[in-house]
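Peer 1: Here's a structure for you.
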Amino acid sequence: ARSGAARATRSAFLGGVMSPLLHASLTAHAHGGEVFDTVRDTPVIIVSNHTSHLDAPLLLCSLPGWVRSRTAVTAAADYFFDSVWRGAGSALAFATVPIDRSGGAPSSTPMDLLRDGWNLVIFPEGTRSK
């Protein structure tokens, strides 16, 4: 899901389908995107609250394209990756990576992504809040 072809597909989907759909349905205002210019060569962790399944798509569509193209979203392994189709679909559409919420040894995936120059979206609540 992080290959060149997947990134091009995701860019077309987010820019051509998801963004128009979200903006036709919701009123959203993004502010502060210029901060990414100051960290252009450094991967960042983007932390957000989580109230809807639309949070990740809306956040991704709000990022500058050059940031979005190198941004992965952490997603609950037990929900988004419980089937091959849902896992592959969310990974392709939103660059999701599975995170195990059951405890135990932490995954090395987030650090691996940051080392590889990918930005990372994290929803620290681990689920949608009320």
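FYI, it's all coordinate maths here, none of it is from the lab. In this text, all values refer to a predicted model and were calculated from it rather than measured experimentally. Using ideal geometry, Cβ is built from the backbone for each residue, glycine included, and neighbour counts are taken over all protein chains shown.
Peer 1: Working out 0.36 nm times the residue gap between Ile122 and Ser19, then minus their Cα-Cα distance, what length gain in nm do you get to one decimal?
Peer 2: That works out to 35.0 nm of additional length.
Peer 1: Oh, and also: Which net charge results when you count Lys and Arg as +1 and Asp and Glu as -1 among the other residues whose beta-carbon is under 13 Å from that of Asp78?
Peer 2: Net charge around Asp78: 0.
Peer 1: Next question. For Met18, Met111, what ranking results if the residue with the fewest other Cβ atoms within 10 Å of its Cβ goes first?
Peer 2: In increasing order of surrounding Cβ atoms, one gets Met111, Met18.
Peer 1: Test of understanding: ordering Glu125, Glu34 by Cβ neighbours within 10 Å, fewest first, what list do you get?
Peer 2: Starting with the residue having the fewest Cβ neighbours, the order is Glu34, Glu125.
Peer 1: What FRET efficiency comes out for the pair Glu34/Asp55, r = Cβ-Cβ distance, R0 = 22 Å, nearest 0.05?
Peer 2: Once rounded, the FRET efficiency stands at 0.50.
Peer 1: Also: Please list, by residue number, every one of the trypsin sites (Lys or Arg not before Pro) in the stretch 1-84 that is coil in DSSP and has at most 11 other beta-carbon atoms within 10 Å.
Peer 2: Arg40
Peer 1: How would Asp82, Asp100 line up from fewest to most surrounding beta-carbon atoms within 10 angstrom?
Peer 2: Asp82, Asp100
Peer 1: Moving on. In percent, how large is the relative contact order of the chain, given Cα pairs closer than 8 Å and 6 or more residues apart?
Peer 2: 37 percent
Peer 1: Something else now. Roughly how many nanometres apart are two label points built 7 Å out from the Cα toward the Cβ at Thr9 and Arg86?
Peer 2: 2.0 nm
Peer 1: Just to be sure I understand the curve: with the Debye formula and one point per C-alpha of the chain, what is log10 I(q)/I(0) at q = 0.13, 0.14 Å⁻¹?
Peer 2: With no solvent term, the Cα-only Debye profile gives -0.53, -0.62.
Peer 1: Right, another one. According to the square roots a ≥ b ≥ c of the eigenvalues of the Cα gyration tensor, what is the shape class of the stretch 64-110, taking rounded for a/c under 1.5, prolate for a/b larger than b/c otherwise, and oblate for the remainder?
Peer 2: The shape class here is oblate.
Peer 1: So who's got an amide H within less than 5 Å of the one on Thr96, skipping anything under 5 residues away but keeping other chains? H placed 1.01 Å off N, in plane.
Peer 2: Here the answer is Val73, Ala91, since their amide H atoms fall under 5 Å of that of Thr96.
Peer 1: Which residue fluctuates most in the GNM of the chain (Cα springs below 10 Å): Gly16, Gly89, Gly103?
Peer 2: Residue with maximal mean-square fluctuation among Gly16, Gly89, Gly103: Gly103.
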